[in-house]
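The values are calculated or read from the model by the stated rules, or taken from the named source; none is laboratory data. Because the structure is predicted, anything quoted here is derived from the model rather than measured. Glycine also receives a Cβ, built like all others from the backbone with ideal geometry; neighbour counts cover every protein chain displayed.
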Protein chains: 2
Amino acid sequence: MHEELLERENKSAELIVRSLDPLNAEPPLDLLRRSHITANRLFFVRNHAPVPQIDPRSYRLHVNGLVRRELQLSLDELRREFPIRTIVATLQCAGNRRQELMRFKPIPDEIEWHAGAIGTAEWRGVSLRDVLRAAEVLDEAQHVAFLGLDRVRKKDLEFGFGGSIPLEKALSPEVILAFEMNGEPLPPAHGFPLRVVVPGYIGARSVKWLGQITLQKTPSENYFQARAYKIFAPHVTAETADWDRGLTLGELPISSVICSPQDGSEVEAGPLSIKGYALSSGGRSIERVEVSLDGGESWTIAELEPERGRWAWRFWEATLVVDRGEREIVARAWDSAANTQPEEARRIWNFKGYVNNAWHRIWVKVK
Amino acid sequence: MHEELLERENKSAELIVRSLDPLNAEPPLDLLRRSHITANRLFFVRNHAPVPQIDPRSYRLHVNGLVRRELQLSLDELRREFPIRTIVATLQCAGNRRQELMRFKPIPDEIEWHAGAIGTAEWRGVSLRDVLRAAEVLDEAQHVAFLGLDRVRKKDLEFGFGGSIPLEKALSPEVILAFEMNGEPLPPAHGFPLRVVVPGYIGARSVKWLGQITLQKTPSENYFQARAYKIFAPHVTAETADWDRGLTLGELPISSVICSPQDGSEVEAGPLSIKGYALSSGGRSIERVEVSLDGGESWTIAELEPERGRWAWRFWEATLVVDRGEREIVARAWDSAANTQPEEARRIWNFKGYVNNAWHRIWVKVK
């Protein structure tokens with residue numbers, strides 16, 4: 001059943017399926033860590049509705065709202081009228097690493113992501129900035145809202161997945177309207193025929209099956225901008241939340257994750273190679289990753305792989321000598337703004353389970 | 001003695017002097033918190049050498065290195081040839097809050113700053129970007145180095161205080177060559193007749209008594225860029241530090257500080273108003289400040305004063321009911337990239353004592 005669905009979406013059978021309808025799945029961490037570019041078949045899937053079937057011939061991208069010229073662009077027009085750009089960018093679900101928060105206190109009705117709801121691809125398409133210039137954005141515009149052609153159901157409503165980003169970000173050269181992913185046409189599960197890719201922001205802003213771009217004064221009022229993807233203090237609950245006071249997620253905080261060895265695995269005593277990924281956002285670079293075997297009392301500096309682009313994660317590796325017994329391994333990263341990760345997940349617990357970036361901790365049995 | 005020197009530099013006698021020669025001083029936190037704009041007389045002073053006496057008539061700013069046109073600009077030419085700009089920006093010393101790190105483990109030969117090595121002013125001058133355009137920067141240039149006209153002595157050497165920023169930041173509209181501070185000519189202790197103001201970066205990059213701007217391929221090799229203002233892991237010492245592997249400070253991490261009541265003060269039982277400042281960097285906004293009376297188990301959300309500019313700190317206030325006894329009050333902030341502060345200062349201790357942004361903790365005696 002799982003296998004069939006994964007196969008139909010051209011996904012690896014090795015993915016861990018978190019839900020079937022809609023499909024949500026993530027790769028095991030050791031597979032994820034093998035390649036700086038995540039193969040399309042291994043790339044995590046985060047969907048809120050069934051994958052829509054869109055005919056590329058009749059497809060049109062609508063650009064409207066606070067613009068001088070409304071646009072309706074076919075895929076051919078997009079390719080013909082704007083320069084083609086590529087960017088290597090990591091996308092991360094805001095709920096990545098929710099599983100660790102759930103261990104501390106339950107988070108009902110949310111997907112129990114481990115740390116694989118993240119991936120890096122080369123995206124090819126046109127610059128959102130170029131399209132916005134063609135539409136001649138009016139001075140009053142401050143936010144750029146995206147609307148997908150999928151149909152999400154919430155209570156009695158049915159609507160496209162949406163969200164917005166500030167105009168300033170939308171005009172940055174890294175934001176792409178992508179029709180290719182790693183040299184292939186965008187797979188259906190990843191937004192065929194067109195999605196926006198907003199590097200450095202939570203994955204939810206990289207709206208798939210993009211149907212409409214609206215320039216407006218205020219942020220999107222779509223459910224996924226106005227109600228979901230906000231964080232609250234640890235004591236706030238679904239019942240007490242004042243949604244207007246939640247922190248709207250945009251850029252992601254710094255994080256690092258141990259991919260290998262895997263949590264709960266058995267390893268041999270002696271030198272142990274520890275490998276992982278680290279990610280900051282907003283274009284900030286990963287400057288250092290540290291690994292500890294004593295809960296943060298002392299740290300070993302990991303080797304960083306060369307930077308492969310400002311908007312991509314950074315792989316790291318450290319070799320530490322481990323003795324027999326149950327051992328905790330901890331990792332934390334620092335970025336170019338000298339931000340580092342919080343020590344304890346419970347200090348940043350929030351009832352939606354977003355952006356857990358606490359020190360990553362795994363346990364291994366050393367034989 | 002202190003009073004005379006402070007008076008000579010046109011500084012308030014209420015400043016806490018940390019060293020006399022060179023002058024280093026900070027305001028008490030309750031005074032600092034009174035006004036969103038810090039009066040020049042109260043603004044912290046961080047000098048590495050005596051204040052140089054510069055004749056504004058013969059003063060010239062030299063722009064050289066990887067440019068098509070070298071420039072030598074008098075103050076009149078700067079004012080006449082470029083548009084005048086103003087910006088409200090907070091400057092913070094990278095060593096602010098070092099005192100808290102020193103309580104955990106000694107940091108010899110560094111200034112014992114409390115949390116007052118920070119201030120906000122309205123800076124008036126010309127845009128660095130405009131000056132660089134006039135100099136016609138060559139494609140190979142990647143860093144912009146600044147050199148001051150002060151004379152710092154280190155061992156047998158004497159040289160100007162210097163540092164550099166990436167070209168991309170230098171071309172951002174917020175970076176100003178300032179000749180005025182809060183409507184007055186730049187005071188001598190703050191860089192008369194000209195300093196650069198690099199909002200969102202550690203104070204050390206806002207070089208005072210600016211004599212030279214050099215476009216180059218690599219970062220400045222000035223002592224204060226290549227050797228100081230780097231951070232290391234907690235276990236690294238002055239003896240074991242590999243300076244090439246230190247994290248070069250640029251943007252500052254998110255921080256928040258309780259200014260009132262002051263640490264160690266006595267307060268009355270009942271509702272207590274707690275006031276402070278919070279600061280992120282890189283243009284990220286402060287989204288939330290939380291205050292706790294139980295060491296972080298539960299938090300009260302503080303009220304934020306309206307944002308007064310993208311590059312300025314944000315004031316906050318919370319009223320909590322305190323019972324009799326010795327009480328710890330803790331504050332932490334969150335920024336628009338969902339970054340928050342580390343819980344414990346000892347986890348980020350570094351042997352130079354830079355960028356302590358741990359949860360701010362004060363103790364009060366409640367009567």
TODO: Report whether or not B:Asp76 is within 19 Å of B:His190 (Cα to Cα), of a type in the set (Asp, Glu), in the same structural domain as B:Gly191 (by TED's automatic domain parsing) and free of Cβ contacts under 8 Å to residues at least 12 places away in the same chain.
DONE: no
Task: Search result, residues across segment A:101-118 that are in contact with a helix residue (DSSP H, G or I) (Cβ under 8 Å, 6 or more places away or on another chain) and closer than 19 Å to A:Tyr229 by Cβ - done: A:Leu101, A:Ile107, A:Glu110, A:Ile111, A:Glu112, A:Trp113, A:Ala115, A:Ala117, A:Ile118
Task: Whichever residue in segment A:44-63 is charged (D, E, K, R) and farther than 14 Å from A:Gly211 by Cβ and, among such residues, is farthest from the chain's Cα centre (by Cα) - done: A:Arg57
Open item on the list: Looking for something among the polar types (S, T, N, Q) and more than 13 Å from chain A (Cβ to nearest Cβ) - is there at least one such residue anywhere in segment B:201-209?
Closed with: yes
Open item on the list: So the check is Cβ under 7 Å with 6+ separation or different chains; which pairs have a first residue in segment A:345-367 that's over 19 Å from A:Ser260 (Cα atoms) and a second one that's assigned to a loop (DSSP other than H, G, I, E, B) and among the aromatic types (Phe, Trp, Tyr)?
Closed with: A:Asn350/A:Phe232; A:Phe351/A:Phe232; A:Tyr354/A:Tyr229
Open item on the list: For the list (1) under 19 Å from the mean Cα position of the chain (by Cα); (2) facing chain A (nearest Cβ under 9 Å); (3) under 30 Å from A:Glu297 (Cα atoms); (4) not hydroxyl-bearing (Ser, Thr, Tyr), I need the number of the one condition that B:Arg245 fails.
Closed with: (1)
Task: Counted residues, segment A:248-292 - those being more than 14 Å from every other protein chain (Cβ to nearest Cβ) and among the polar types (S, T, N, Q) - done: 4
Task: Search result, residues across segment B:293-306 that are within 14 Å of chain A (Cβ to nearest Cβ) and not hydroxyl-bearing (Ser, Thr, Tyr) - done: B:Leu293, B:Asp294, B:Gly295, B:Gly296, B:Glu297, B:Trp299, B:Ile301, B:Ala302, B:Glu303, B:Leu304
Open item on the list: With the requirement that a residue be in a loop (DSSP other than H, G, I, E, B), under 18 Å from the mean Cα position of the chain (by Cα) and surrounded by fewer than 19 Cβ atoms within 10 Å (Cβ to Cβ), what does segment B:183-226 give you?
Closed with: B:Pro187
Open item on the list: For a quick check of your reading: which helices (runs of 4 or more DSSP H) sit entirely within segment A:68-177 and have at least 3 residues that are in contact with a strand residue (DSSP E or B) (Cβ under 8 Å, 6 or more places away or on another chain)?
Closed with: A:75-81, A:128-135, A:167-170
Task: Among the residues listed as A:Ser265, A:Ser285, A:Ser256, the single one being among the polar types (S, T, N, Q) and without any contact (Cβ under 8 Å) to a residue 60 or more places away in the chain - done: A:Ser285
TODO: Name every residue in segment B:303-357 that is under 30 Å from A:Asp244 (Cβ atoms) and aliphatic (A, V, I, L, M), in order of residue number.
DONE: B:Leu304, B:Ala312, B:Ala318, B:Leu320, B:Val321, B:Val322, B:Ile329, B:Val330, B:Ala331, B:Ala333, B:Ala337, B:Ala338
TODO: Just one of (1) within 14 Å of chain A (Cβ to nearest Cβ); (2) under 17 Å from B:Pro108 (Cβ atoms) trips up B:Ala238, so point out which.
DONE: (1)
- [ ] Return the residue satisfying two criteria in turn: it lies in segment A:2-16 and is aliphatic (A, V, I, L, M) and within 17 Å of A:Val51 (Cβ to Cβ), and of such residues it is surrounded by the most Cβ atoms within 10 Å (Cβ to Cβ).
- [x] A:Leu15
- [ ] Mind listing just one residue for me: the one in segment A:313-360 that is assigned to a strand (DSSP E or B) and either at pLDDT below 95 or surrounded by fewer than 18 Cβ atoms within 10 Å (Cβ to Cβ) (or both) and, of those, nearest to the other protein chains (Cβ to nearest Cβ)?
- [x] A:Leu320
Task: Check on A:Ser164, surrounded by 23 or more Cβ atoms within 10 Å (Cβ to Cβ), at pLDDT 95 or above and polar (S, T, N, Q) - done: yes
TODO: Select, from B:Ser260, B:Ser298, B:Ser273, B:Ser280, the only residue that is at pLDDT below 95, in contact with a strand residue (DSSP E or B) (Cβ under 7 Å, 6 or more places away or on another chain) and surrounded by fewer than 23 Cβ atoms within 10 Å (Cβ to Cβ).
DONE: B:Ser298
Task: Failed item, numbered, when A:Gly309 is tested on (1) within 14 Å of chain B (Cβ to nearest Cβ); (2) touching a residue at least 40 places away in the same chain (Cβ under 8 Å); (3) not in a strand (DSSP E or B) - done: (1)
